[in-house]
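S.K.: Structure incoming, see below.
The values are calculated or read from the model by the stated rules, or taken from the named source; none is laboratory data. On a predicted model such as this, the values are computed, not experimentally measured, just so you know. Positions of Cβ are backbone-derived with ideal geometry, glycine not excepted, and every protein chain shown enters the neighbour counts. In case anyone asks, the SASA skips ligands and DNA or RNA and just uses the protein heavy atoms, side chains included. Shrake-Rupley method; radii C 1.70, N 1.55, O 1.52, S 1.80 Å.
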Amino acid sequence: MKPIALHVSSELAPFHKAGGLGDVLAGLPPALDRAGVDVRIVTGRYGVSKFASLGGFGALRPWPLPIDLAVGGQTIRAHVYEAKTHGGAATTYFVDAVHLSRGELYGYGDDAFRFAILSKAAIAIASVLARSKGLGPIGVVHAHDWHAALSMLYARTVASAIRGVPTVFTIHNLAYQGELPASETPWLDIGWGDYHRWFEHFGALNLMKGALLLADRVTTVSPSYAREIQTRELGHRLDGVLRAIDAKLSGIPNGIDTKTWDPAADAKLPVNFSASDPEPRELGRAALRWELGLSQGGRDDPPILGVVSRFTHQKGIDLLGDVADAFVRGGGQIAALGEGDARLEERLHYLCLAHPGRIAYRRAFDDGLARRIYGASDLFAMPSRFEPCGLAQLYAMRYGSIPVARATGGLVDTVQRLHNQHDVGGATGILYDGGPDEAGALLEALEWARAIGRDRGAREALRQNAMRANHSWDHRALAYVELYRSVGMPI
Ligand code: ADP
């Protein structure tokens, strides 16, 4: 029987996602399954959760009995709904509990408590699985980001059938650590001894820090980011801890689900295309322009620069705002989609008004439009200040849009840098150097990209390389299997 890897994650696409984390939990499990792992996922059920892909919420199998969880002196009753997900390749347990199951995924003052409930539920569910007949052993508990951090503690402290099972913690974004006043500690079932030993950080309670120290192995989503977070500049005040745990820290780049992200079959594109049949993509460009109110290119046909992003400081959207005017005046169009920081949203909105027909911006979270931008833009901007891995550039490449990305984190590990436009070689995109706040470096890169765009041979060679690059989860999953083996999982 296959050994079980129990994943704990606040997000899981297509049910609920705020960013790349949800996509990773969608794409990695089927590849782990093919590699011989029985993947089980514990996640929440929220108001925003969509169950259409399973045929509605009613298609989920409720556990006959609720589970009562002791959290911070309260008893929280949780209902567990089980479903075969990932096309049958994984089993997911949706936890429905008061506090946790609110309308939105995040953004409440008691988020730490909400996700403590999720972490407690994960241990309780693991314990039931460990006692069930007909299942393999629980080989590892694998928690993702700060929301699941407490499961690394509870796996040790809660009396359960899985006490002592090996643990793995993955950092998807170090910027979010679950930092709270120390006075919150009792609510989260962290004893004072454990607080001082694992969680105390500059006088505050830091859930991520605890998980980093408690887990048997820590991974992050690219080798470059694994190195960068050990530096002062990108360590978000945890660099010292990350240097101290260097021996158990590694980076495994994210992959993409090539079935659900396939331009040859994507139902949300107006026309389908592939590397061997790229012609229809032209129609997609015209359709996107029409959809967003960008002027049709005409004879000089300006390149369309795509942007699909959370609007946060991390993503460098402000830098894009700084150069947008120059880029479109030089002959270019911008198709932007994203939401987040209100000031950044407003900035894009005004740019749109200033350049009608040349800059289009939609403030929304819209998966279909995101796909159409990937599948129709010529260039894709990622001026990130830091980037743990980044998935947007992987989708852009697969959909034929050439990334113009700052050389940081996972962007370095996943985009093959173009050095010379007269000798494209295996390059898949444009990586540029420059400080995290340097808009000039971005503009220079965009101008170079525009020049390459006029060179049909170079442009098409780059596009072919980008579309054919293999970022599938299968070979990434093997690195996780190797890691699970190293902590004793019998596989
Ligand atoms: P992060 O996880 O830091 O937000 P990633 O590049 O790893 O960045 O993943 C972002 C994911 O979220 C991609 O799947 C991207 O298409 C999606 N996304 C981001 N913003 C939007 C949006 N406004 N509408 C639709 N999808 C979005």
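S.K.: Based on what the data block shows, is residue 94 open to solvent by 10 Å² or more (accessible area, probe 1.4 Å), among the hydrophobic types (A, V, I, L, M, F, W, C) and in contact with a Leu (Cβ under 8 Å, 6 or more places away or on another chain)?
M.R.: no
S.K.: Using the structure shown, decide if residue 43 is touching an Asp or Glu at 6+ places or on another chain (Cβ under 9 Å) and open to solvent by less than 50 Å² (accessible area, probe 1.4 Å).
M.R.: It is true that residue 43 is touching an Asp or Glu at 6+ places or on another chain (Cβ under 9 Å) and open to solvent by less than 50 Å² (accessible area, probe 1.4 Å).
S.K.: So, of the residues in the stretch 419-437 that are away from the ligand (no atom under 16 Å from the Cβ) and in contact with a Phe, Trp or Tyr (Cβ under 9 Å, 6 or more places away or on another chain), which turns out to be least open to solvent (accessible area, probe 1.4 Å)?
M.R.: 430
S.K.: Which residue, of 166, 186, 181, is in contact with an Asp or Glu (Cβ under 6 Å, 6 or more places away or on another chain), away from the ligand (no atom under 16 Å from the Cβ) and not acidic (Asp, Glu)?
M.R.: Result of the check over 166, 186, 181: 166.
S.K.: Give the stretch 371-385 a look and list any residue that's open to solvent by less than 20 Å² (accessible area, probe 1.4 Å) and over 13 Å from residue 305 (Cα atoms), or say none.
M.R.: Within the stretch 371-385, 384 is the sole residue that qualifies.
S.K.: Given (1) without any contact (Cβ under 8 Å) to a residue 60 or more places away in the chain; (2) assigned to a loop (DSSP other than H, G, I, E, B); (3) β-branched (Val, Ile, Thr), where does residue 491 come up short, assuming only one miss?
M.R.: Failed condition: (1).
S.K.: Determine if the stretch 259-272 includes at least one residue that is surrounded by 14 or more Cβ atoms within 10 Å (Cβ to Cβ), under 27 Å from residue 448 (Cβ atoms) and at pLDDT below 95.
M.R.: no
S.K.: Being within 16 Å of the ligand (Cβ to nearest atom), open to solvent by less than 20 Å² (accessible area, probe 1.4 Å), assigned by TED's automatic domain parsing to the domain that holds residue 169 and out of contact with any His (no Cβ under 7 Å at 6 or more places or on another chain) narrows it down to one of 13, 31, 78, so name that one. Full working, then the answer.
M.R.: Details: 31 fails: within 16 Å of the ligand (Cβ to nearest atom); 78 fails: within 16 Å of the ligand (Cβ to nearest atom).
Within the list 13, 31, 78, the selection yields 13.
S.K.: Got at least one residue in the stretch 247-258 being out of contact with any strand residue (DSSP E or B) (no Cβ under 6 Å at 6 or more places or on another chain), without any contact (Cβ under 8 Å) to a residue 24 or more places away in the chain and outside the structural domain of residue 382 (by TED's automatic domain parsing)?
M.R.: Yes, the stretch 247-258 contains a residue that is out of contact with any strand residue (DSSP E or B) (no Cβ under 6 Å at 6 or more places or on another chain), without any contact (Cβ under 8 Å) to a residue 24 or more places away in the chain and outside the structural domain of residue 382 (by TED's automatic domain parsing).
Results for (1) open to solvent by less than 20 Å² (accessible area, probe 1.4 Å); (2) within 16 Å of the ligand (Cβ to nearest atom); (3) among the hydrophobic types (A, V, I, L, M, F, W, C), shown as yes or no for each residue.
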residue: 314; (1), (2), (3): yes, yes, no
residue: 323; (1), (2), (3): yes, no, yes
residue: 335; (1), (2), (3): yes, yes, yes
residue: 351; (1), (2), (3): no, no, yes
residue: 356; (1), (2), (3): no, no, no
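S.K.: Ok, one more. Go through the residues of the stretch 286-295 one by one and say whether even a single one is assigned to a loop (DSSP other than H, G, I, E, B), surrounded by 16 or more Cβ atoms within 10 Å (Cβ to Cβ) and away from the ligand (no atom under 14 Å from the Cβ).
M.R.: Yes, the stretch 286-295 contains a residue that is assigned to a loop (DSSP other than H, G, I, E, B), surrounded by 16 or more Cβ atoms within 10 Å (Cβ to Cβ) and away from the ligand (no atom under 14 Å from the Cβ).
S.K.: Can you pull out the helices (runs of 4 or more DSSP H) entirely within the stretch 324-426 that have at least 2 residues that are of a type outside the set (Val, Ile, Thr) and in contact with a Leu (Cβ under 7 Å, 6 or more places away or on another chain)?
M.R.: 367-376
S.K.: Something else now. In the stretch 202-247, what residues are under 20 Å from residue 116 (Cβ atoms) and open to solvent by 10 Å² or more (accessible area, probe 1.4 Å)?
M.R.: Within the stretch 202-247, 204, 209, 213 meet the criteria.
S.K.: Every residue in the stretch 112-133 that is open to solvent by less than 20 Å² (accessible area, probe 1.4 Å) and either of a type in the set (Asp, Glu) or more than 16 Å from residue 74 (Cβ to Cβ) (or both), please.
M.R.: Passing the criteria: 122, 123, 125, 126, 127, 129.
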